[in-house]
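Chemist: Once you've had a glance at the structure underneath, I'll fire off some questions.
The values are calculated or read from the model by the stated rules, or taken from the named source; none is laboratory data. In this text, all values refer to a predicted model and were calculated from it rather than measured experimentally. Cβ atoms come from the backbone with ideal geometry, glycine included; neighbour counts cover every protein chain shown.
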């Protein structure tokens with residue numbers, strides 16, 4: 001029977017049955033037994049792919065293999081909605097081909113754009129130069145920094161993971177400046193809070209900068225390389241374009257839980273329906289998690305301990321910068337929870353770190369969460385299983401493993417991760433770079449008193465000398481000069497000068513003691529980069545305090561003999577696990593080689609000539625050094641350290657100019673005399 005005839009008979013089925021003809025006994029033509037082509041279509045709506053098909057359990061099970069964050073089923077339209085990410089593009093194409101979907105042109109164009117964008121980001125994450133222009137900055141970006149800003153501008157929520165000393169701070173400031181993403185919040189370690197203020201004031205000179213200390217807001221201003229803070233009478237963040245705070249004062253809003261059923265815990269305390277308590281699991285340590293959740297549900301957030309989070313959320317932050325983001329690797333820590341809460345609505349989020357992973361991929365989870373990029377990496381469970389070899393162990397979920405690391409790196413770089421090393425951009429770096437780290441003194445009251453006493457004493461001595469100068473004003477000029485020379489060479493004058501030096505050294509030692517705790521914290525933070533570090537200190541008490549704080553470090557002290565010094569040098573140079581050496585500024589500054597490190601920290605301004613600092617730096621910057629040397633000066637905030645460094649730098653310029661023959665005669669004035677003049681003024 002022809003198919004057309006069969007279709008006609010089927011159309012008049014009821015009439016045929018009324019004539020007694022059994023329709024079901026009519027043979028079906030062979031062509032009719034072939035299944036009709038099922039409906040399977042992929043179309044595009046904006047940036048979403050709509051997947052529609054006649055119900056087929058195999059297709060349903062297969063589409064459920066896509067990461068949960070990328071798929072959603074609309075029961076009303078019976079449509080699967082896929083949010084395409086690069087990591088599922090290949091899976092999506094295989095799915096369409098395997099099950100013979102009709103794919104509209106819009107889907108193909110969207111997938112092409114995603115692939116091309118990924119390739120651009122992947123290449124950009126390695127870029128060592130760019131012509132990208134950022135106007136109206138307070139300085140000039142290096143080519144690799146321009147490339148970093150270009151990548152961050154496109155990604156908007158990204159890691160800036162360049163090597164130590166390559167200028168991540170500058171790149172982040174240039175990014176928010178280009179995007180006009182203000183107000184912006186910077187969360188950093190306490191040891192670099194003033195550095196952030198200085199860099200922001202330098203690079204964004206037209207922006208108002210606020211700094212939070214404790215619960216108070218201060219207006220930050222810069223003069224003579226010092227940050228001066230003016231207390232904000234209104235104590236509100238709305239007056240600032242950039243706000244800087246340290247992790248320690250970011251107190252998160254605690255979870256609140258509401259009792260939904262009368263419940264008595266094992267201690268005999270009864271909770272009524274509606275009772276609100278914070279963090280029931282902390283309050284019910286002996287109860288199981290499941291049992292507590294049967295009787296409580298999360299009701300939202302409480303108030304932060306110091307009220308800062310509420311204030312910051314009220315100003316509608318446009319950018320959030322987390323410095324040393326590896327500090328937020330623990331999802332349960334207070335600092336991580338605080339960062340998650342305060343950044344939740346910021347469209348621009350930048351995580352700065354030289355070491356995003358210290359030991360295992362799971363440390364990236366909370367950092368990706370802060371960037372709102374965890375779902376883009378497949379979500380928590382996919383990341384945990386695929387990259388952390390996650391499994392349930394004896395103590396619960398075990399995320400200590402690592403696998404598919406090359407794939408993880410490629411996905412990150414194509415999405416939100418830019419990193420360049422010193423060796424890659426060495427041609428753009430000067431042989432020696434210098435950076436000042438300003439640290440709060442924890443003995444500020446004692447220092448200020450000692451400083452005031454010294455200034456008063458110096459002024460009194462200056463008055464005596466002025467009286468002597470006045471007493472010889474009537475003498476001829478040549479006799480005046482002879483009298484002054486004789487006066488300064490006298491035993492009394494030399495004793496006075498020695499006493500001046502002693503009292504200045506005493507003030508320097510008070511400053512060194514005041515910044516010691518924060519210096520140790522800074523060194524600990526630096527060592528997390530897994531790079532080697534040479535630390536020079538002047539006073540033996542400071543040197544020994546460092547050796548106690550960093551047990552097992554190498555050392556070069558004045559009390560060590562030649563053999564002990566060489567053993568320590570060899571260990572630092574050849575042992576990869578020995579990453580810190582503490583040196584006397586004077587003893588360790590000559591006759592040794594420390595090229596295993598390219599980072600050096602000057603903890604005390606102990607010397608009185610440029611050579612006292614250049615010689616120690618020369619232990620690293622010499623034949624055998626493969627990198628640009630980064631010098632970190634750990635200076636006390638608003639103290640004598642800054643005065644001495646300013647005078648040393650000025651003297652260095654004079655010496656360099658004289659050496660090059662640019663001036664006829666080098667200035668001969670003593671740095672100590674210059675320092676005394678500055679203190680008196």
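Chemist: Can you pull out the residues in the stretch 574-621 that are over 17 Å from residue 539 (Cα atoms), in a helix (DSSP H, G or I) and more than 29 Å from the chain's Cα centre (by Cα)?
Modeler: Correct list: 574, 611, 614, 615.
Chemist: Being surrounded by fewer than 22 Cβ atoms within 10 Å (Cβ to Cβ) and without any contact (Cβ under 8 Å) to a residue 12 or more places away in the chain narrows it down to one residue among 575, 614; which is it? Quick ask: steps written out before the conclusion?
Modeler: On the way: 614 fails: without any contact (Cβ under 8 Å) to a residue 12 or more places away in the chain.
Exactly one residue qualifies, and that residue is 575.
Chemist: Which of the strands (runs of 3 or more DSSP E) contained wholly in the stretch 286-362 include at least 1 residues that are within 16 Å of the chain's Cα centre (by Cα)? Can you show your working first?
Modeler: Values: elements: 296-301, 319-323, 348-352.
Fully inside the stretch 286-362 and qualifying: 319-323, 348-352.
Chemist: For residues that are touching a helix residue (DSSP H, G or I) at 6+ places or on another chain (Cβ under 7 Å), in contact (Cβ under 8 Å) with a residue 40 or more places away in the chain and assigned to a strand (DSSP E or B), scanning just the stretch 232-284, find the one that is farthest from residue 343 (Cα to Cα).
Modeler: Taking the candidates together, the pick is 257.
Chemist: Determine whether the stretch 542-551 contains at least one residue that is in contact with a helix residue (DSSP H, G or I) (Cβ under 6 Å, 6 or more places away or on another chain), assigned to a loop (DSSP other than H, G, I, E, B) and without any contact (Cβ under 8 Å) to a residue 60 or more places away in the chain.
Modeler: no
Chemist: For the stretch 204-213: of the residues being in contact (Cβ under 8 Å) with a residue 40 or more places away in the chain and under 23 Å from the mean Cα position of the chain (by Cα), which is surrounded by the most Cβ atoms within 10 Å (Cβ to Cβ)?
Modeler: First, pick out the residues of the stretch 204-213 that are in contact (Cβ under 8 Å) with a residue 40 or more places away in the chain: 204-206, 212.
Add one more test, that the residue is under 23 Å from the mean Cα position of the chain (by Cα), and what stays is 204-205, 212.
Values: 204: 21, 205: 13, 212: 25.
Restricting to residues being in contact (Cβ under 8 Å) with a residue 40 or more places away in the chain and under 23 Å from the mean Cα position of the chain (by Cα), the top hit is 212.
Chemist: List the pairs whose first member sits in the stretch 104-120 and is assigned to a helix (DSSP H, G or I), whose second member is modelled with pLDDT of 90 or more, and whose Cβ atoms are under 6 Å apart, counting only residues at least 6 apart or on separate chains?
Modeler: Filtered contacts from the stretch 104-120: 106/44; 107/42; 107/44; 107/49; 110/44; 118/414.
Chemist: Residue 141: over 23 Å from residue 415 (Cβ atoms) and crowded, with 18+ Cβ neighbours inside 10 Å, yes or no?
Modeler: Values: over 23 Å from residue 415 (Cβ atoms): yes; crowded, with 18+ Cβ neighbours inside 10 Å: yes.
For residue 141, the condition - over 23 Å from residue 415 (Cβ atoms) and crowded, with 18+ Cβ neighbours inside 10 Å - is met.
Chemist: Now for a different question. Kindly provide the set of residues from the stretch 370-382 that are surrounded by 20 or more Cβ atoms within 10 Å (Cβ to Cβ) and modelled with pLDDT of 90 or more, ordered by number.
Modeler: Initially, the stretch 370-382 is screened for residues surrounded by 20 or more Cβ atoms within 10 Å (Cβ to Cβ), giving 370-371, 373, 376-378.
Across the stretch 370-382, the qualifying residues are 370, 371, 373.
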